[in-house]
Amino acid sequence: QKEVEQNSGPLSVPEGAIASLNCTYSDRGSQSFFWYRQYSGKSPELIMSIYSNGDKEDGRFTAQLNKASQYVSLLIRDSQPSDSATYLCAVKGEGGSQGNLIFGKGTKLSVKP
Amino acid sequence: EPEVTQTPSHQVTQMGQEVILRCVPISNHLYFYWYRQILGQKVEFLVSFYNNEISEKSEIFDDQFSVERPDGSNFTLKIRSTKLEDSAMYFCATRDSNQPQHFGDGTRLSIL
């Protein structure tokens, strides 16, 4: 059973701080990793994708991948109250699948003004 | 920006009735998916669809579920005889080759 694990939180940070969200996955063969943001009652919205070891930056967001440790993280710099949401880590199924995503339970982030 | 469109946004149905949830994929996308999210739980994969056939399905996707693309545009999920435990948000997602999936706004299904 392929698993994606996240700390459910809630993670509370003050406005302007760095929020750090973590995720581990069980399938060592996984190659594609995604962070989605989900506001309460809404659908997942793609934030970042990452496929290679190292860091990938997009504006205030940085995704980090370490395949040896089976670990993915998302850093949010200069956190804003509008960043308050649940952040979902998703790993693309491999081994013949058509790319279905395996999601973690999500980490709820609260940014306090 | 192109969007995945789902209808209806909310469906209320009596237990045992059939429901059809509809999705209009982004026009050049080739891969289609249905996911569900029970309230307070994680997003779960149901089925993937490519080249007019199911390519993969999860254990959740039993004989009560079916998918089709009847007219080349809509992608539908049918639940034949709904149960209370089918109450959830149902998300359609689509993607182009080697691209991430984009999700529709979802259909909230409430079974009474």
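What is the antiparallel percent of DSSP beta bridges lying wholly in chain A, to the nearest 5? Write down the numbers at each step before the final one.
Values: 37 of 41 bridges.
Here the antiparallel bridges make up roughly 90 percent for chain A.
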In square nanometres, what is one fourth of the surface area of the convex hull spanned by the alpha carbons of region B:59-112?
4.9
Anyone know which of B:ASP96, B:ASP71, B:ASP63 comes out most mobile in the 10 Å Cα GNM of chain B?
B:ASP71
Which distance in nm do the two modelled labels at A:ASN66 and B:GLU18 give, with both placed 7 Å along the Cα-to-Cβ direction?
5.3
³J(HN,Hα), Karplus 6.51/-1.76/1.60, whole Hz, each residue of region B:69-74, x for Gly, Pro:
10, x, 10, x, 10, 5
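Figure the gain on full extension for B:ASN51 and B:SER9 (residue separation times 0.36 nm, minus the Cα-Cα span) and round it to one decimal in nm.
So the chain would gain 12.4 nm between B:ASN51 and B:SER9.
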Long-range HN-HN contacts of B:SER55 with modeled amide H, under 5 Å:
B:SER48, B:PHE49, B:TYR50
Counting only protein heavy atoms and a 1.4 Å probe, tell me what percentage of the protein assembly as shown's accessible area is made up of carbon and sulfur.
45
Overall dimensions of region A:56-113 by Cα: Rg and Dmax, Å
13.8, 46
P(r), alpha carbons of the protein assembly as shown - 10 Å bins starting at zero, rounded %
8, 33, 35, 19, 5, 0
Along region A:87-94, what does the Karplus equation 6.51 cos²θ - 1.76 cosθ + 1.60 (θ = phi - 60°) give for ³J(HN,Hα), rounded to whole Hz, x for Gly and Pro?
9, 9, 8, 9, 10, 6, x, 10
Relative contact order (percent, whole number), chain B, Cα cutoff 8 Å, 6+ residue spacing
38
Could you state the accessible area per residue of the protein assembly as shown in Å², with a 1.4 Å probe and every protein chain left in place?
49
Determine the gain in length on full extension of the stretch A:GLU57-A:SER20; use 0.36 nm per residue of separation and subtract their C-alpha separation, reporting nm with one decimal.
11.9 nm
Mind pulling the per residue volume of the convex hull built on the Cα atoms of region A:1-80? Å³ is fine.
108
Amide H within-cut-off set for A:SER12, under 5 Å, with H built and near neighbours excluded
A:SER110
How far apart, in nanometres, would the label points at B:SER58 and B:LEU84 be if each is projected 7 angstrom from Cα along the Cα-to-Cβ direction?
2.2
So the number of lysine pairs in chain A with alpha-carbon atoms under 17 angstrom apart, 8 or more residues apart or on different chains, is 8
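Among residues other than B:THR94 whose Cβ falls under 12 Å from its Cβ, what is the net charge (Lys/Arg +1, Asp/Glu -1)?
0
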Sequence order, region B:5-18: Karplus ³J(HN,Hα) from phi using 6.51 cos²θ - 1.76 cosθ + 1.60, θ = phi - 60°, Hz rounded, Gly and Pro as x, gives 10, 10, 9, x, 7, 9, 10, 10, 9, 6, 3, x, 7, 8
For region B:12-65 and region A:17-61, compute the distance between their C-alpha centroids and round to whole Å.
23
Could you run the Debye sum over the Cα atoms of chain B, one equal point scatterer each and no solvent, and tell me log10 of I(q)/I(0) at q = 0.17, 0.19, 0.23 Å⁻¹, two decimals?
-0.75, -0.95, -1.39
Within 10 Å of each Cβ in B:43-51, the average number of Cβ atoms from other chains
4
Just tell me how shielded B:54-60 is by partners: mean number of partner chain Cβ atoms within 10 Å of each residue's Cβ, no decimals.
2
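The values are calculated or read from the model by the stated rules, or taken from the named source; none is laboratory data. Note that the structure is predicted; figures quoted are calculated from it, not measured. Note that we place each Cβ from the backbone using ideal geometry, even for glycine, and neighbour counts take in every protein chain shown. What goes into the accessible areas is simple: the full protein's heavy atoms, side chains included, and nothing from ligands, DNA or RNA. Shrake-Rupley method; radii C 1.70, N 1.55, O 1.52, S 1.80 Å.
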